[in-house]
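Since the structure comes first, as structure tokens, the remarks are kept for the end.
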């Protein structure tokens with residue numbers, strides 16, 4: 001029924017592209033326990049935040065996007081973009097989130113086991129701000145499913161339809177469209 005209706009209206013469903021594993025968890029840094037345990041509910045703001053990094057293709061090369069989302073409102077509280085995958089990508093995004101939310105204490109910050117999240121710089125920032133680190137089980141995308149869902153929507157509805165000439169063009173597109181759709 002839906003397929004016939006879509007054909008009559010000349011509508012085409014957007015399809016997702018194949019999933020590609022991008023997390024570098026082959027490091028010797030300590031890993032935090034999984035405190036979140038796939039409980040994506042929150043009863044108040046600044047109780048649980050999720051974070052992840054995604055890749056956006058441009059003709060200049062990859063643009064990396066790190067986002068922090070508050071599970072209570074499902075809103076973006078911090079983000080950062082860079083041409084490199086250094087720890088600053090996540091620390092810059094976390095800094096934005098902390099300023100935006102007036103430096104809350106005791107927030108569970110959940111991410112994967114990527115080297116950026118295990119870096120001394122990021123871990124020291126969590127400790128200095130009295131934040132609680134939680135990390136997904138190795139290779140389990142379901143442990144950060146709400147974040148994966150956000151990136152899936154962003155890519156299907158925006159990124160996969162574009163052929164960005166430069167990182168700056170991709171940055172502008174993502175900033176404008178995420179403000180329209182997700183803020």
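The values are calculated or read from the model by the stated rules, or taken from the named source; none is laboratory data. Bear in mind that the values here come from a model prediction, so they are computed numbers and not experimental data. Please note: Cβ atoms are built from the backbone with ideal geometry, for glycine as well, and neighbour counts cover all protein chains shown.
The C-beta contact set for segment 124-140 (first residue under 17 Å from residue 101 (Cβ atoms), second residue surrounded by fewer than 16 Cβ atoms within 10 Å (Cβ to Cβ), distance under 7 angstrom, 6+ apart or interchain) comprises 129/103; 130/105; 130/106; 132/35; 132/106. Restricting attention to segment 52-78, which residues are under 24 Å from residue 42 (Cα atoms), in contact with a strand residue (DSSP E or B) (Cβ under 9 Å, 6 or more places away or on another chain) and free of Cβ contacts under 8 Å to residues at least 60 places away in the same chain? Correct list: 66, 68, 70, 72, 77, 78.
Given (1) within 17 Å of residue 77 (Cβ to Cβ); (2) at pLDDT below 95, identify the lone condition not met by residue 134. The single condition residue 134 does not satisfy is (2). Taking the criterion of being exposed (fewer than 14 other Cβ atoms within 10 Å of the Cβ) and either under 30 Å from residue 166 (Cβ atoms) or touching a helix residue (DSSP H, G or I) at 6+ places or on another chain (Cβ under 9 Å) (or both), the residues of segment 31-82 that qualify are 37, 59, 61, 75.
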